[in-house]
Amino acid sequence: MRDTAGSPLSLTTESEEVMVPTLRPRRSALYLPGNNSRALEKGKSLPADVLIFDLEDAVGPDAKSDSRARVCDAISSGTYGRREMVVRINGLGTDWHDDDLTAVAASNTHGVLVPKVERGEHVQALAAALDDLDASDSLQLWVMIETPGAFLRVEEIASASERLAGFVVGTNDLVNELHGLHVPGRAPVLTALSLAVLGARAAGRVILDGVFNDISDEGGFRAEARQGREMGFDGKTLIHPSQILPANDLFGPSQEELADARKIVSAYELAEAAGNSVITVDGRMIESLHVREAQRILALADLISEMESAS
């Protein structure tokens, strides 16, 4: 974690140790079809925090090999700025998985996303395969949890490897496997979503919410994104560029949050300098957990500002 000046930051007491994921803006994560050169080019100028180059659902069997080469060439071009780049490969047991993993391990992408991971042992096998391929230690493993079994084992999956950066939730597949319905408010999958956030946070991992399917319904998208933010998701996966700015708005710190965070940090620093153990802000008692969260919010805002200035 970083403070508002960008230096390393740690805030713990003698009785507690807080696990936190690497702090980086991940408000918006846009899928880019790997077989679409125009989309790959457009991604260089879009204000998404994360670009997910898709070799799975977006690419038909006959185009898998060409798309793999196209994506790796695009990533190696070095023209995507400070955006985080992740490649979604084909899943374990598919005809294309091994070739996908080999190609991505040799690339300079930030992460590889594997769909339909259901057990901790799957994560361990993927991490071992990346080690065998001499993948850089900086190459992060991401996994999609999209089946009932995966959501019931989410903490096991989250804790399986230190290479694991986080989760992407696959709500479309989950609703399908539950024989449920896509409805406003997502009542059929709220239990699963909550389990996913709990498991991710228990292991100190990042977690991204699933996609919203109707690109013409901005109001519906905003409502679902707001719900995801309230539940604790770090950001939302997107299927269309029109969803980027609303996601950035809803998953980024609001002006009200920033103002409150500044008050809390300032009160903490004054109390610490004076040797006081009791901190209050606007009549509220402030504990170390509030200070940590305020520092996280301010550090995230700084990183967002840095990224936007560099774009």
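The values are calculated or read from the model by the stated rules, or taken from the named source; none is laboratory data. Model, not experiment: these values are computed from the prediction. Virtual Cβ from ideal backbone geometry, glycine too; neighbours counted across all protein chains shown.
How do the pairs read when you match residues in segment 107-130 that are free of Cβ contacts under 8 Å to residues at least 60 places away in the same chain and over 23 Å from Asp173 (Cα atoms) with residues anywhere that are acidic (Asp, Glu) and part of a helix (DSSP H, G or I), using Cβ under 9 Å and keeping only pairs 6 or more apart or on different chains?
Correct list of pairs: Ala129/Asp98.
Since Leu303 meets every condition but one in (1) in the same structural domain as Arg163 (by TED's automatic domain parsing); (2) touching a Gly at 6+ places or on another chain (Cβ under 9 Å); (3) in contact (Cβ under 8 Å) with a residue 40 or more places away in the chain, which condition does it not meet?
(1)
So which residues in segment 205-214 are exposed (fewer than 15 other Cβ atoms within 10 Å of the Cβ) and either in contact with a Pro (Cβ under 7 Å, 6 or more places away or on another chain) or over 15 Å from Ala29 (Cα atoms) (or both), if there are any at all?
Asp214 - this is the single residue of segment 205-214 that is exposed (fewer than 15 other Cβ atoms within 10 Å of the Cβ) and either in contact with a Pro (Cβ under 7 Å, 6 or more places away or on another chain) or over 15 Å from Ala29 (Cα atoms) (or both).
May I ask you to list the residues in segment 282-301 that are farther than 21 Å from Phe233 by Cβ and crowded, with 17+ Cβ neighbours inside 10 Å?
Ile286, Val291
What pairs come up if the first residue lies in segment 217-228 and is closer than 19 Å to Pro253 by Cβ, the second is surrounded by 16 or more Cβ atoms within 10 Å (Cβ to Cβ), and their beta carbons are under 6 Å apart, counting only those six or more places apart or on different chains?
Arg222/Pro246; Ala225/Lys236; Ala225/Ala247; Ala225/Leu250; Arg226/Leu250; Gly228/Asp209; Gly228/Lys236
Please name all residue pairs, on different chains or six or more residues apart, with Cβ atoms under 9 Å, provided the first residue is in segment 151-168 and is in the same structural domain as Leu139 (by TED's automatic domain parsing) and within 12 Å of Leu126 (Cα to Cα) and the second residue is at pLDDT 95 or above and among the polar types (S, T, N, Q).
Listed pairs, sorted by first residue: Ala160/Gln124; Ser161/Gln124; Arg163/Gln140; Leu164/Gln140.
Hey, among the residues in segment 55-82 that are part of a loop (DSSP other than H, G, I, E, B) and buried (at least 21 other Cβ atoms within 10 Å of the Cβ), which one's farthest from the chain's Cα centre (by Cα)?
Val59
Do we have Thr79 as modelled with pLDDT under 95, under 30 Å from Pro253 (Cβ atoms) and outside the structural domain of Glu306 (by TED's automatic domain parsing) here?
Here the answer is yes, as Thr79 does meet what is asked.
From Gly252, Gly166, grab the single residue that is closer than 20 Å to Asp302 by Cα, of a type in the set (Gly, Ala, Ser) and in contact with a helix residue (DSSP H, G or I) (Cβ under 7 Å, 6 or more places away or on another chain).
Gly252
Could you look through segment 24-52, keep only residues that are among the basic types (Lys, Arg) and out of contact with any strand residue (DSSP E or B) (no Cβ under 7 Å at 6 or more places or on another chain), and pick out the one that is farthest from Asp209 (Cα to Cα)?
Arg38
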